[in-house]
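Structure first, then comments.
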Amino acid sequence: MAFTAKDVAALRERTNVGMMDCKKALQEADGDMDKAVEILREKGLASAAKKAGRIAAEGTIGVYTDANASALVELNCETDFVGNNPDFKALANQIAKTVVEKRPADLDALNAAIIADGTVSVADAIQELFLKIRENLKLRRFALVDGTSVSYIHGGGSVGVLVSFDTDATDNADFIAMGKNIAMQVAAMSPEYLKEEDISAAELENMKKITVESALNKPESLPKPILMSVVAKTIEAGKWDQKDIDAYEEQKKSQYLFNFLSKEAVAALAETAVAGKDEYTANPIFGKVVDGRINKQLKEICLLDQPFVRTDIFDGTVGGYIANVAKALGTDIKITGFTRFAKGEGIEKKSDDFAAEVASMVK
């Protein structure tokens, strides 16, 4: 069956594949348009399989929200060039809409679902975009949140956030602005928990253990009474030479003491402090220092306890900011959770040594 240049153009319009590939597919299909589409898809699948091993750590975060639910998805690719492609971003948002509409149980179910506003599955929609882009594309994860949520996408899709609330002020402009500000806080400050009560006893105990070990291994951070005891025991054990002893005697009242001690002297102090762990951790002074450092960490990792970053509109914690807005609106606003996706987080990216590559080529 013969075909014309118009047929090639029509196939390209239908598949978004290059002109030469369309021409070859029509030749192989003897001019049959539907068969040519199938040939392109099969070749695309084979090509995709070859590229599946490539690291896809770039990409974008897609988002969709309606009156009842919201969703985030992470769609990965190989290069930031493709990650910024409008069709790629549109597909991520379309998949997020599919999550809200189809409510899949897992990634397999999402890939098998018919994509929102389309006629093919999510997996096929990704495959069709692959035929155009020719990079390894991977749908990595998604999150579905029911109820009232406010979303924020940062950096053109590098970070996506959903913050969920329990409130009657869902359509209020001041509430929406507040939700957006908190979502931006989550994007910027990466809290791990909503509040301290969400941290398990085991996690708190591990945090305390790490804090204690860190303090003992950094003698410069020890309370002065304990540091003096550690110094005395270290000198008594003969672990310091005379030069460090003289430096200590001369600078012991200075805040820059550790600038005058050798690395060996500091290491010896840490060794003494760790060896005397039971004695020092029983000291109430040490306990207060550890508690202070843990409280500081909690303010960093718990969203409601974090200092609100936009001090231009509120000076206090995130929890205080929410309470302030709720009071101004005369209603109750309770934050119930948040989800934060950053593209490629946890994926080991390929590290290219361009100089080594060039050198290997000229050998």
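Just so you know, all these numbers are worked out from the coordinates, no wet-lab data involved. Everything numeric here is computed off the predicted structure, so don't read it as measured data. Glycine gets a Cβ as well: all are built from the backbone with ideal geometry, and neighbour counts include every protein chain shown.
Points worth noting:
- Computed over the Cα atoms of the chain, the ratio of the radius of gyration to the Kirkwood radius (Rg/Rh) comes to 1.16.
- In this rough spin-label picture, where each label sits 7 Å from Cα along the Cβ direction, the Asp168-Gln127 distance is 5.1 nm.
- Ranked by the mean number of other Cβ atoms within 10 Å of their residues, highest first, the peptides 323-331, 96-104, 172-180, 72-80 fall in the order 72-80, 96-104, 172-180, 323-331.
- Estimated distance in nm for a label pair at Lys180 and Ser214, the labels positioned 7 Å out from Cα along Cα-to-Cβ: 3.6
- Sorted by Cβ density within 10 Å, fewest first, the residues Phe260, Phe341: Phe260, Phe341
- Karplus-derived HN-Hα couplings along region 193-202 (A = 6.51, B = -1.76, C = 1.60, θ = phi - 60°), whole Hz, x at Gly and Pro: 9, 6, 8, 4, 4, 7, 8, 5, 4, 5
- Around the amide H of Tyr64, modelled in the peptide plane, lie the amide H atoms of Ala71, all under 5 Å away and 5 or more residues distant in sequence or on another chain.
- Nitroxide proxy distance, nm - points 7 Å out along Cα→Cβ at Asn324 and Lys243: 5.5
- Positive-end residue, region 117-201 charge dipole about Cα centroid, Cβ charges, pick of Ser164, Gln185, Phe142: Phe142
- Cα centre as origin, Lys/Arg/Asp/Glu Cβ charges: region 114-264 dipole, Debye: 620
- A protection proxy built from the mean count of other Cβ atoms within 10 Å ranks the segments 84-95, 158-169, most packed first, as 158-169, 84-95.
- Orientation-averaged projection of region 184-316 equals 10.4 nm² [convex hull of Cα atoms, one quarter of hull surface area].
- Other-chain or far-sequence residues with amide H under 5 Å of Asn136's (modelled H): Glu78
- Unit charges on C-beta of K, R, D, E only; dipole of region 58-196, Debye: 240
- Three-way shape label, region 191-260, alpha-carbon gyration tensor, a/c 1.5: prolate
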